[in-house]
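Every number here is computed from the coordinates shown, using simple stated rules; none is lab data. Keep in mind it's a predicted model, so treat the numbers as computed, not measured. Here Cβ is always computed from backbone atoms with ideal geometry, including for glycine, and neighbour counts include all displayed protein chains.
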Amino acid sequence: MNHILIWLIVSPIFLAAVTHFIKKYLVNFGFLIFLSVSIVNTCLSLLVFLESGSDILVYRVGNWSIYKGIILVADKMSLFFLLFMQIIFFFSLLFSKGYVKNDHGTFFSLFYLLQAGLTGMLLTGDLFNLYVFLEIVSIVAYALVAYDKTDHGLEAGFKYLVLGSVASLIILWGIGIIYATTGNLNLAIVAGLMQNLTPLIKGGVFIFFFIGFGIKFALFPFHPWLADAHASAPSPISALLSGVMIKIQLYSLIRIVTVLYGIDYIHDLKLNIVFMSLGVGSVLIGHLMALKQTNLKRMLAYSSIAHIGYIVIGLGSISPQGVVGAFYHMLNHGVLKIGLFYFAGTLIYHLNLKQIKDLKSLFWRNPFLSIMFCIFALGMIGIPPLNGFFSKWLIIMGVADAGYVIPAVIIAIGSFLSLIYYLRVVVIMFEPARKLEERFRIDPFFAIPIGAMVVCSILLVVFGSQIHLILHEIMLFIRDNSTYIQAVLYS
């Protein structure tokens, strides 16, 4: 079963390579290949997740020693997010089939390289390969943001390139210091050597990782690149960037901090207060900026900054309920925001509608799209019984129980602010038509992914108790890094 891990990384790289040779057939035959491999990879991810149980799978590439070779490590946390990512990429593949009008070869090559890089970030067990996969993801994301080659897209891609390169350099500095002081980059091995480092070096490395990854997942005040990038990218890519990529960047920071430092280090130095303070900043800045937007995708992008703030506040509380709520919100926000970007992309493709004011009387032209938007928007606001409510409630209760009342109140205020700007869109869409509006139909490649995100959001509520148990196990696992370290060292 361990060999499945390397397949999940290699197969999208292979597909990215062969698209150049089959680009003439991508519209039909090639797409069937993509679809088949995506289904297989999703099923394999589900199989590994179900069969592994509480075991930690370790795959030594080339059967080399962990002290010299590359290893892949799959535990409950990485496998859970891997399964989520595979499902999202499958539906984004369908959406991309309908959305991309030309140069399919280049687009799908980049699409699969992005998937390979994100999979590698989830499964790698050493800092060197984490950086390699991080750079693959970053370079591909820069290209995809500027894919349409518009003036705004090229400008956004350049801004993203500059800030992303700075972040990568800062992360590389942290990795370099670790290698210079410990002589190794394997997470489990380095974890055992961290006690030999001086407090200054440990603290400095932590700051490098925190700032570097903070830029990558757009935590306040490192967020300015996100709105331009997500608004300019093709909509299926905007969905992946907001719903999946920034979550996996945050996952990488969680993995490094919990394995190398441990929760006690965060608690003893009161670093969790820094986390929550920046999370509060993200919530307020994200929602206040979203209120000002006239462009739909920019509004959705700023909303993502706010929801990253919710997640960081939950993690910063270090309370069991808050951490579980944060992980749950990663899933809920991912599904809902992807659905919203699919909605925006559908309107851009069919009607070239980008501004909020242009959505006037949309309900009378396409009731299906309008109702789907309402479901996603209500979930983002946190209206019960939709999935966004439950994760927000868990975070609020966890943060309040940990004694941090102000962040809990800020989350509630943020939900009210989001109600204002989402309600504004709903009112415009349902405004009575002054004349008979011509209805339009959308392609199944658009309707199926949008409907699937609604189904996923419902399933996240229906199976909420089971998901809560899984996330509680993950929370217990990251609070005690010894299980991960022992599994790798004695693999």
Task: Given (i) 0.95; (ii) 1.03; (iii) 1.12, the label whose value is Rg/Rh (Cα atoms, Kirkwood Rh) derived from this model - done: (i)
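Please state the shape class of segment 326-424: rounded when a/c is under 1.5, otherwise prolate if a/b exceeds b/c and oblate if not, all from the C-alpha gyration tensor.
Note, shape of segment 326-424 comes out prolate.
Expressed in nm to one decimal, what extension gain is obtained for the pair Ser361 and Leu193 from 0.36 nm per residue of sequence separation less their Cα-Cα distance?
54.2 nm
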Open item on the list: If I model a spin label at His152 and Asp268 as a point 7 Å from the Cα along the Cα→Cβ vector, what separation in nanometres do I get?
Closed with: 5.0 nm
Task: Prolate/oblate/rounded label for segment 391-466 (Cα gyration tensor, a/c 1.5) - done: oblate
- [ ] Could you pull out the pairs from Lys149/Lys354; Lys97/Lys354; Lys76/Lys270; Lys97/Lys357 whose alpha carbons sit more than 23 Å apart here?
- [x] Lys76/Lys270; Lys97/Lys357
Open item on the list: Using Cα-Cα distances under 8 Å and only pairs 6 or more residues apart, what relative contact order does the chain have, in percent?
Closed with: 15 percent
Open item on the list: Given points 7 Å out from each Cα along the Cα-Cβ axis, report the Asn2 to Val162 separation in nanometres with one decimal.
Closed with: 4.7 nm
Task: DSSP loop trypsin sites (Lys or Arg not before Pro) with at most 14 other Cβ within 10 Å excluded, longest remaining stretch of the chain - done: 271-433
Open item on the list: Based only on Cα atoms, what mean projected area does the convex hull of segment 264-491 have, in nm²?
Closed with: 14.2 nm²
Open item on the list: Run the reach check for Lys101 against aspartates and glutamates, Cα to Cα strictly under 13 Å, same-chain hits fewer than 8 apart removed. What comes back?
Closed with: Asp148
Open item on the list: Which lysines, if any, have their Cα less than 23 Å from the Cα of Lys360, not counting same-chain residues under 8 positions apart?
Closed with: Lys292, Lys297, Lys337, Lys435
Task: Estimated vicinal HN-Hα couplings, Hz - segment 137-142 in sequence order (Karplus 6.51, -1.76, 1.60; Gly, Pro = x) - done: 4, 5, 5, 5, 5, 4
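What FRET efficiency, computed as 1/(1 + (r/R0)^6) with R0 = 41 Å and r the Cβ-Cβ distance, is obtained for Val132 and Leu351, rounded to the nearest 0.05? Before the final figure, lay out the partial values.
Numbers: r = 41 Å, r/R0 = 1.01.
That pair, Val132 with Leu351, gives E of 0.50.
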- [ ] Neighbouring Cβ atoms within 10 Å as the yardstick, rank Thr19, Thr42 fewest first.
- [x] Thr42, Thr19
TODO: Sort the following peptides by mean Cβ neighbour count (other Cβ atoms within 10 Å, averaged over residues), highest first: 46-52, 166-172, 61-67.
DONE: 166-172, 46-52, 61-67
TODO: Please list, or write none, the aspartates and glutamates whose alpha carbon is within less than 17 Å of the alpha carbon of Lys202, excluding same-chain residues fewer than 8 places away.
DONE: Asp264, Asp268
Open item on the list: Just to confirm my numbers, what's the Cα centroid distance between segment 388-442 and segment 455-491 in Å?
Closed with: 28 Å
